[in-house]
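Participant: Take a look at this one; I'll ask things after.
The values are calculated or read from the model by the stated rules, or taken from the named source; none is laboratory data. As the structure is a computational prediction, the values presented were derived from the model and not from experiment. Don't worry about glycine lacking a Cβ; one is built from the backbone with ideal geometry, like all the others, and counts go over all protein chains shown.
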Amino acid sequence: MYVDDGWRPPLEPPSRKPRITKRQERVLVWVLALNALLLLVAPIGGATMAHALMALFR
């Protein structure tokens, strides 16, 4: 195998850039935090509504 010092591959790979911007990352973190909060709050709210409906029909 011979080595050419001046040889470069025909197409160099494009530079790697971040896939999401800092603003998009911040929004994603807020959305995940909101979903985690709702995951905890929604069952409590659902139970409250079920108890209210049961009390209404008694």
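Participant: Give the residues of the stretch 2-28 that are modelled with pLDDT of 90 or more and either touching a Gly at 6+ places or on another chain (Cβ under 9 Å) or loosely packed, with under 10 Cβ neighbours inside 10 Å (or both), sorted by residue number.
Facilitator: Residues satisfying the conditions are LYS22, ARG23.
Participant: Moving on to the next point. Based on what the data block shows, is LEU39 surrounded by 10 or more Cβ atoms within 10 Å (Cβ to Cβ), without any contact (Cβ under 8 Å) to a residue 24 or more places away in the chain and assigned to a helix (DSSP H, G or I)? It would help to see each step written out before you state the result.
Facilitator: Working: surrounded by 10 or more Cβ atoms within 10 Å (Cβ to Cβ): no; without any contact (Cβ under 8 Å) to a residue 24 or more places away in the chain: yes; assigned to a helix (DSSP H, G or I): yes.
No; evaluated as a whole, the condition is false for this residue.
Participant: Tell me whether the stretch 33-41 contains one or more residues that are modelled with pLDDT of 90 or more, of a type in the set (S, T, N, Q) and under 30 Å from the mean Cα position of the chain (by Cα).
Facilitator: yes
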